[in-house]
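Report on one structure; see the data block that follows.
The values are calculated or read from the model by the stated rules, or taken from the named source; none is laboratory data. Quick caveat, the model's predicted, so the values are computed rather than measured. Please note: Cβ atoms are built from the backbone with ideal geometry, for glycine as well, and neighbour counts cover all protein chains shown.
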Amino acid sequence: MRSLSKAQIITYMQALTNRAKQVERKPMTLLERAYLPAIFKGMAITFGHMFKKRPTINYPEVKRPFSPVFRGLHILNRDEEGRENCTACGLCAVACPAEAITMEAAERKAGEENLYREEKYAAKYEINMLRCIFCGLCEEACPKDAIYLSETFAPANFQRKGFIYGKDDLLIPNPITEPEAFAEARGNRAQVAR
Amino acid sequence: MAEEIKTFKVTIDNITIDVPAGTTVLNAARQIGGEVAPPAMCYYSKLQGSGGKCRTCLVEVAAGSTADPRPMPKLVASCRTTVMDGMIVKNITSDKVKDARAGVVEFLLLNHPLDCPICDQAGECHLQDLGYEHGKEGTRYEFARRTFEKEDIGPYIQLHMTRCILCYRCTYVADQLTDKRVHGILDRGEHAEISTYISKAIDNDFSGNMIDVCPVGALTDRTFRFKNRVWFTKPVDAHRTCDTPGCCGNVTLWLRGNEVFRVTARKDEWGEVQSFDGKPGWICNTCRFEKKKTVDWVIEGVTKVNRHSVISQGNYENLVMPKETIQEVMGGREPKLLMDIHDESEVNKPGVHLSEIAGPAHSDVFEENR
Ligand code: SF4
Ligand code: SF4
Ligand code: SF4
Ligand code: FES
C-alpha cells in the first residue's frame, strides 16, 4: 500500500478549520528527560488549588441559591379563596414544544364554585416530566395565572412512572385550609410588581 | 340569444374586475379574494337579507361611478352597497377604513366577556380573528359589562348571550331553514338579546346550523361542550347518505384518535357553509348530533385548513412516516417497553370515551373512572 506523508493526510482529511497543527517530534532535552522537574511543576499546580476558594459545595447540606429566573417543577396555582385557577384552556399544552402536557376538562356543577374559579376546569391535568424540557413556555402562555415553574427539582426516581405528575402532585396547597403549607410553597421571594 | 348580462367595472384596492350589475362591493372583493375582501361578521351569503348590522365590512368609496365620480362622503357597508360602473373602492389601502374598523372591533367587544379560555369557539372564532387582525390593544370602556345567565336552547344548543354580537344570522337560519321560528331578538339597543320565547326548546331538524353560522361562541354545540379544544381535534371531510330532506350529508368530522368529538357542516374560505351543486350544504341535526361514530361515515380525507389557523397545529401536510425499523434491527423481537403511558396516565384512558357522553363531562364522570 502506498504510504501518505503527514501533509498529504491532512489535505486528504480535509481539516475543518485552519488551526490544525503538525505535532513536533523533536527529541527531548536533558531537563525534560530528567522527569522530576515536570512532576514538581504539576504538583505545584495541584497543591496551589488547596488554598484557593472551592467552586463546589457540600450538597445536600448546602444548597445553592436559585437564580430569580430559575425554572423548576411546575405548580398549579389557586386564587386567594383557594379555588383552582386553571380553566383547561389548553394554551399551555399547545405552547409546549415537548408535548408534555395533557388534560381533560369538565363543567363546574352547582355547589363546586368554591373549588374552581371558572365555569370550566381541568378535571385531569398531567405533565410528563420525562418529556418536559423546563422551558417555561407553559407559564408564558397561561392566561389565567394558573401555572408557574417553581424553584424545585423533580426528584430522582427509579421508575419512569414516578415522573407522570397529576393534579395531586402539581396543585399548590390550599391557602384557606392549609395556610402554612401554602406559605411554604409560595416561598418568600418578593412579589414581582406587575 | 340570451340577453347579455350587464357588467360593471369596479376597482378595489387598485385591482379592477368586471362583475354583473347588482353585485355588492363585498362580493366583488371576494371574487378578487385574499386581503382585498373586507371581513364580514353579519353578512352570510347563504342567508337572504343578512348583512348591514355589524359595520366590520366598511370600505371607502373614492369615486362613486364614471357618471358621477364624486367620492361618497362616509364609509359604506360593503355587504349592502352594490357596485356602480367605474366605482373605485379602497379597503386595506385606506387609513380611514383601518381606523374605523378598529373602532368597530372596540364596539363589538364593549360587552364581550373575553372568556376565550373557556369558550368552545376559540380557535375558529371570527371575532378572535377580527380582533387579532384589525383591533387595538385595550379598551376605553369603563362601565359594567352586561351579563346574562347561560341558557340551554333545546337539548343540543347552548346560548351564551354575553358573547353574542347581535348579527341576526341565527334568526335568519330559523326563518329560512326551519318551519317555525321560536327564537328571536327581544328588546332593543343596549337591552337587545337573543332568546327563545320563554325558553321554548328549539327542536327543529335544522336548528343545529345556527351553531355554524354564529360567528362567535354565543351558540355552541352542547354535545361537544368542554370536551376538547378545537385545535387538538383533527378535522376530516366525510359524508353519509342522509334521508332527511334538505340535508346534504357532507360534513367535517372533528376526530381525536378514532373518536368523533364533533360534527359540523363543511366551511369555505369565508367561514360559511360550502355549497354543493349550487345549494348551501346545510346539515340536519341527526347528522350533527347523533352520528358520533366513525362507522356512520365515509371518510374522504383530511380537511384543508389554512396554515395560519391554530387548527393546523400538529397537522402536517405531505407527511411521510419513516419506516419502523425496530423489529428489523432487533431480529424480529418486539421492543420491551419500560412504561405504557396508559397504565400511569389518567388522561385519555383507552376505556373512557368522552365523545359518547351526551353533554359536558362533570366531576362524577371522572370520579367513576378513576
Ligand atoms: S416547561 Fe416547557 S416543556 Fe415543560 S411543560 Fe412547560 S412548556 Fe412543556
Ligand atoms: S394551566 Fe393555564 S394555559 Fe394551561 S390549561 Fe390551565 S389555564 Fe390554560
Ligand atoms: S347568537 Fe350568534 S348568530 Fe345569533 S345573533 Fe348572536 S352572534 Fe349572531
Ligand atoms: S358584514 Fe357588512 S355590516 Fe356586517
Quick one: in region B:27-60, which of the residues that are within 14 Å of ligand 4 (Cβ to nearest atom), aliphatic (A, V, I, L, M) and within 13 Å of B:Ile92 (Cα to Cα) is surrounded by the fewest Cβ atoms within 10 Å (Cβ to Cβ)? B:Ala37
Scan region B:279-318 for residues that are surrounded by fewer than 20 Cβ atoms within 10 Å (Cβ to Cβ), in contact with a strand residue (DSSP E or B) (Cβ under 9 Å, 6 or more places away or on another chain) and within 14 Å of chain A (Cβ to nearest Cβ) and jot them down. B:Gly314, B:Asn315
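For every residue, the table says whether it meets (1) under 23 Å from the mean Cα position of the chain (by Cα); (2) assigned by TED's automatic domain parsing to the domain that holds B:Arg266; (3) among the hydroxyl-bearing types (Ser, Thr, Tyr); (4) within 16 Å of ligand 3 (Cβ to nearest atom).
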| site | (1), (2), (3), (4) |
| --- | --- |
| B:Thr11 | no, no, yes, no |
| B:Thr24 | yes, no, yes, no |
| B:Arg30 | yes, no, no, no |
| B:Glu35 | yes, no, no, no |
| B:Ser50 | yes, no, yes, yes |
| B:Pro69 | no, no, no, no |
| B:Asp85 | no, no, no, no |
| B:Ile88 | no, no, no, no |
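Regarding A:Tyr59, is this residue of a type in the set (Ser, Thr, Tyr), away from ligand 3 (no atom under 16 Å from the Cβ) and out of contact with any helix residue (DSSP H, G or I) (no Cβ under 8 Å at 6 or more places or on another chain)?
Details: of a type in the set (Ser, Thr, Tyr): yes; away from ligand 3 (no atom under 16 Å from the Cβ): yes; out of contact with any helix residue (DSSP H, G or I) (no Cβ under 8 Å at 6 or more places or on another chain): yes.
Spelling it out, A:Tyr59 is indeed of a type in the set (Ser, Thr, Tyr), away from ligand 3 (no atom under 16 Å from the Cβ) and out of contact with any helix residue (DSSP H, G or I) (no Cβ under 8 Å at 6 or more places or on another chain).
Identify, please: which residue in region A:120-138 is among the aliphatic types (A, V, I, L, M) and under 14 Å from the mean Cα position of the chain (by Cα) and is, among those, nearest to the other protein chains (Cβ to nearest Cβ)? Let's see the steps before the verdict.
Our first condition is that a residue be among the aliphatic types (A, V, I, L, M); within region A:120-138, this holds for A:122-123, A:127, A:129-130, A:133, A:137.
Going one step further and asking which of them are under 14 Å from the mean Cα position of the chain (by Cα), we end up with A:129-130, A:133, A:137.
Values: A:Met129: 12, A:Leu130: 9, A:Ile133: 18, A:Leu137: 14 Å.
So the residue we want is A:Leu130.
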Take the residues of region A:94-107 that are surrounded by fewer than 21 Cβ atoms within 10 Å (Cβ to Cβ) and aliphatic (A, V, I, L, M): which is nearest to ligand 3 (Cβ to nearest atom)? A:Val94
Positions within region A:88-110 being within 10 Å of chain B (Cβ to nearest Cβ) and either in contact (Cβ under 8 Å) with a residue 60 or more places away in the chain or over 26 Å from the mean Cα position of the chain (by Cα) (or both), in sequence order: A:Glu104, A:Ala105, A:Ala106, A:Glu107, A:Arg108, A:Lys109
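Looking at B:Ile185, B:Ile202, B:Ile165, which is the one that is at pLDDT below 90, β-branched (Val, Ile, Thr) and within 25 Å of B:Cys116 (Cβ to Cβ)?
Values: B:Ile202 fails: within 25 Å of B:Cys116 (Cβ to Cβ); B:Ile165 fails: at pLDDT below 90.
It is B:Ile185.
For residues in region A:80-93 being of a type in the set (Asp, Glu) and modelled with pLDDT under 95, which is nearest to ligand 3 (Cβ to nearest atom)?
Taking region A:80-93 as the starting set, the residues that turn out to be of a type in the set (Asp, Glu) are A:80-81, A:84.
Pick out the ones that are also modelled with pLDDT under 95 and you get A:80-81.
Details: A:Glu80: 35, A:Glu81: 32 Å.
Of everything passing the filter in region A:80-93, A:Glu81 is nearest to ligand 3 (Cβ to nearest atom).
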